[in-house]
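Okay, so here's the structure we're looking at.
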Amino acid sequence: MKCENCTKKECSKKQKNDDTQSTSVDALSSGDGFEEKNEFPTLANAKILLSDCLACDNCMTSEEGARVFQQNQKELFRILTLNKKCDTSKHKVLAVSICPQSLPYFAAKFNLSVNDAAKRLCGFLKSLGVHYVFDTTIAADFSILESQREFVQRYQRRNQEEHALPMFASACPGWIRYAERVLTNLVTSHICTAKSPQQIMGSLVKGYFARQQNLSPDKIFHIIVAPCYDKKLEALREDFYTALYNSQEVDCVLTSGEIVQIMEQRNVSMKDVTEVAVDSLFSETKEGDVVRHDGKRSDGYLEHIFKHAAKELFGMDVKEITYKALKNKDFQEVTLEKDGETVLRFAAAYGFRNIQNMVLKLKKGKFLYHFVEVLACPGGCLNGKGQAQTEDGKPDKALLNQMEEVYAAIPVRLPETNTHVQKMYQDWLEGIDSKKAQETLHTTYSAVNQTASNLDIKW
């Protein structure tokens, strides 16, 4: 059979994944003490196929498949169980970081304000035994700021470097996986080198926070709550692993839906949970109200980079951005004109059909855009397949509409105005342009397989 996301004409994805899941669940069940009698519930094995994800067996090894399926609720309860034992050498500090695009799901699903949803989700996780609950917005601040600077630098050297422009956003792991495993270096060389918010959060928790708490990174078990399954794959990247401590920056990713499954197994309603303020990475202070970045469905890379570039390159203050829908609502463009000339042309391309069309134009040399915000999910991050799905796997449109309203109502905070970020650049990263900042906040992307001949397949 052929799956809708696969670049092969024949795909054994579902059969392969069923076999892999069976193996990985058995491996988990024999884990350290997991099967012992304890207060934690036995969860039903999550039926996560990679049809829920955007990767397939064309770009995923069997080892990666097994490790992806190990990233489930059982990993959380395995750590909680270890923490209940007398052997303190095996205890872990359990930290959970929540993506901003997950909070509207909990707010809409349980009819709460986004601030109430954040506090009740924090209260629920801490009732399980989680030590710290963080908001990943600060990591997105870093990612956006680094992306802004990189775009300006690329634009300024566009005439000297062939692959300087266009620049593609690097925050979506589904898009990155596809680019590295299916496309050529012609495409990957255009991807922004700034890490995604998830992986910068991994650096913050296992680096900055660990140092503040006098902890070795391997003593922290770091979980991300995210809208999509692809972030499980992203957490496995070799460049996000520290050999010295045998530690990944992100140990496990759970989708928003998987957190709700835990609530259902424990017969807990969000409305009955005690509110607890979300933790801050900085001393004993707590986070205030939830904030977001510009952008209706994502972290707003397009809007922030566009406004920054307009100011830095052309001395123009852009207050509002006007999107122009082209072939469909998931492919839109934004332009900046000066003295009758179009000086910036940005686009937002969501969903793989739009991504494929974009790549074909690039290969044909007919690409007009300076920057593209690329997201694998149609409709953006709020529509991640780890949340807002009906039982038959289709988008829950009514819930998604509520989530979009909730997200749009969250106050916007510019990353430049976050004083914690500016202080961390100096105190932790040794300056904005330092070697440490480059190593901590950036990575590299390159093609692994060159199977670009598959681009003629109809999606």
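Extending 7 Å from the Cα toward the beta-carbon at both Glu312 and Gln426 defines two label points whose distance is 2.0 nm.
Across the stretch 80-206, C-alpha contacts under 8 Å between residues 6 or more apart give a mean separation that, scaled by the residue count, equals a relative contact order of 25 percent. Stretched out straight at 0.36 nm per residue, the stretch from Lys394 to Lys85 would grow longer than its current Cα-Cα span by 107.1 nm. Between His370, Leu399, Asn383, the Cα set farthest toward the positive side of the dipole of the stretch 360-411 (charges on each charged residue's Cβ, about the Cα centre) is that of His370. For the stretch 59-208, carbon and sulfur atoms together expose 46% of the accessible surface, with a 1.4 angstrom probe and every protein chain in place. Using only side-chain charges placed at the Cβ, +1 for Lys and Arg and -1 for Asp and Glu, the dipole size of the stretch 105-245 relative to its Cα centre rounds to 340 debye. When peptides 371-382, 355-366 are ranked by their average number of other Cβ atoms within 10 Å per residue, the highest-first order is 371-382, 355-366. Is the stretch 72-148 rounded, prolate or oblate when judged by the Cα gyration tensor, a ≥ b ≥ c being the square roots of its eigenvalues, rounded requiring a/c under 1.5 and prolate requiring a/b larger than b/c? In terms of gyration-tensor shape, oblate. Taking 7 Å along the Cα-to-C-beta vector as the label spot, tell me the Lys435-Asp272 distance in nanometres, rounded to one decimal. In this crude spin-label approximation the distance works out to 5.7 nm.
Sorting 260-270, 90-100 by their mean Cβ neighbour count within 10 Å, with the most densely packed peptide first, gives 90-100, 260-270.
Given the Cα atoms of the stretch 274-371, and with Rh set as the inverse mean 1/r over their pairs in the Kirkwood sense, what is Rg to Rh to two decimals?
Looking at the stretch 274-371, the ratio lands at 1.12.
Other residues within the sphere of radius under 13 Å centred on the Cβ of Cys192, judged by their own Cβ, net out at -1 (K and R +1, D and E -1).
The portion of the accessible surface of the stretch 247-322 made up by carbon and sulfur, rounded to a whole percent, is 42 (1.4 Å probe; DNA, RNA and ligands excluded).
Checking the a/c ratio against 1.5 first, then a/b against b/c, what shape does the Cα gyration tensor give for the stretch 156-271? Oblate, because a/c is 1.5 or more while a/b does not exceed b/c. Note on Glu161 and Glu341: their simple-model spin labels are 2.3 nm apart, each label 7 Å out from Cα toward Cβ.
Each peptide in 425-438, 172-185 gets a packing score, the mean of other Cβ atoms within 10 Å over its residues, and the list from highest to lowest is 172-185, 425-438.
Could you tell me the relative contact order of the stretch 244-369? Use alpha-carbon pairs under 8 Å, at least six residues apart, and round to a whole percent. Averaging sequence separation for qualifying contacts and normalising by length gives 11 percent for the stretch 244-369.
The residues of the stretch 265-378 expose on average 51 square angstrom of accessible surface per residue, using a 1.4 Å probe on protein heavy atoms. Farthest toward the positive end of the dipole of the stretch 91-181, out of Ile98, Tyr155, His131, is the Cα of His131, where the dipole comes from beta carbon charges about the Cα centre.
The values are calculated or read from the model by the stated rules, or taken from the named source; none is laboratory data. Computed from a prediction, not measured in an experiment: that's the story for all the values here. As a convention, Cβ positions derive from the backbone with ideal geometry for all residues, glycine included, and neighbour counts pool all protein chains shown. We work out accessible area using only protein heavy atoms, side chains counted, and drop any ligands, DNA or RNA first. Shrake-Rupley method; radii C 1.70, N 1.55, O 1.52, S 1.80 Å.
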